[in-house]
1. Treat each spin label as a single point 7 Å out from the Cα along the C-beta direction, and report the residue 135 to residue 10 distance in nm.
2. Could you give the length gained on full extension between residue 127 and residue 142, defined as 0.36 nm per residue of separation minus the Cα-Cα distance, in nm?
3. What does the charge count around residue 44 come to, taking other residues whose C-beta lies under 9 Å from its C-beta (Lys +1, Arg +1, Asp -1, Glu -1)?
4. Any idea how far apart residue 115 and residue 65 come out in nm if each label point goes 7 Å out from Cα toward Cβ?
5. What nm distance separates the two modelled labels at residue 154 and residue 105, each placed 7 Å from Cα along Cα→Cβ?
6. Within 10 Å, count the other beta carbons around each residue, average over each peptide in 79-91, 133-145, 25-37, 149-161, and list them highest first.
7. Cα-Cα over 32 Å: which of 124/147; 26/147; 81/142?
Amino acid sequence: MRLLVSFLIIATLLAEIAILGAPPQKSPPVPPAPVPAQVLNGRKVFISNAGEENLNVGLIGQVLSGSSDRVYNQLYAAIQKWGRYELVSSPADADLIFEIGFTINGSPGLPETGHLRLSIRDPKTNVLLWTFVEYAQAAMLKGNRDKNLDQAMSVIVGELRTLVAAPNAAAKP
């Protein structure tokens, strides 16, 4: 009897070791979901300025160079230069609305960081179709904050270009 119990204990331990030591089962990769058809097929874009928050932080004054519509102007120029979209002056004339905004997150005495948010909306339904968020690296000096914001804008535009050019992004009708 003692031999049987010892055998069962050893068999159970070996089974647990085999189960725990086995490599974990890999889940099959999830196929990418389709990009909304409006994002892929839209050609006329209205750029909306969602604003910039907290650009003047207490005692340190203005956090970035330029006016309060800086990121709006940067996105407008980048989209215009790209040439994929026709920029229109009214949402009623657009296939898509690109809404750009920037928020500074900071505390006095700490480097300011912020994030850009580019939201793509359907002008007919106001449904949010896609959003890009890119953080601007923190910096103590205003010149470095400006440079980091410019880099974040380049990343956002690059992500948009990649999204609409991706071969697996084909939307299902």
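Please treat every number below as a calculation from the coordinates, not as lab data. Because the structure is a prediction, the values reported are computed rather than measured. Ideal geometry is used to build each Cβ from the backbone, glycine not excepted, and the neighbour counts take in all protein chains shown.
1. It works out to 5.5 nm between the two label points.
2. 1.8 nm
3. On the way: positive: 43; negative: 86, 93, 95.
That sum, taken over residues with Cβ under 9 Å, equals -2.
4. Reported label-point gap for residue 115 and residue 65 is 2.7 nm.
5. The answer from the label model is 2.4 nm.
6. The peptides rank, most packed first, as 149-161, 133-145, 79-91, 25-37.
7. Values: 124/147 36 Å; 26/147 42 Å; 81/142 27 Å.
Correct reply: 124/147; 26/147.
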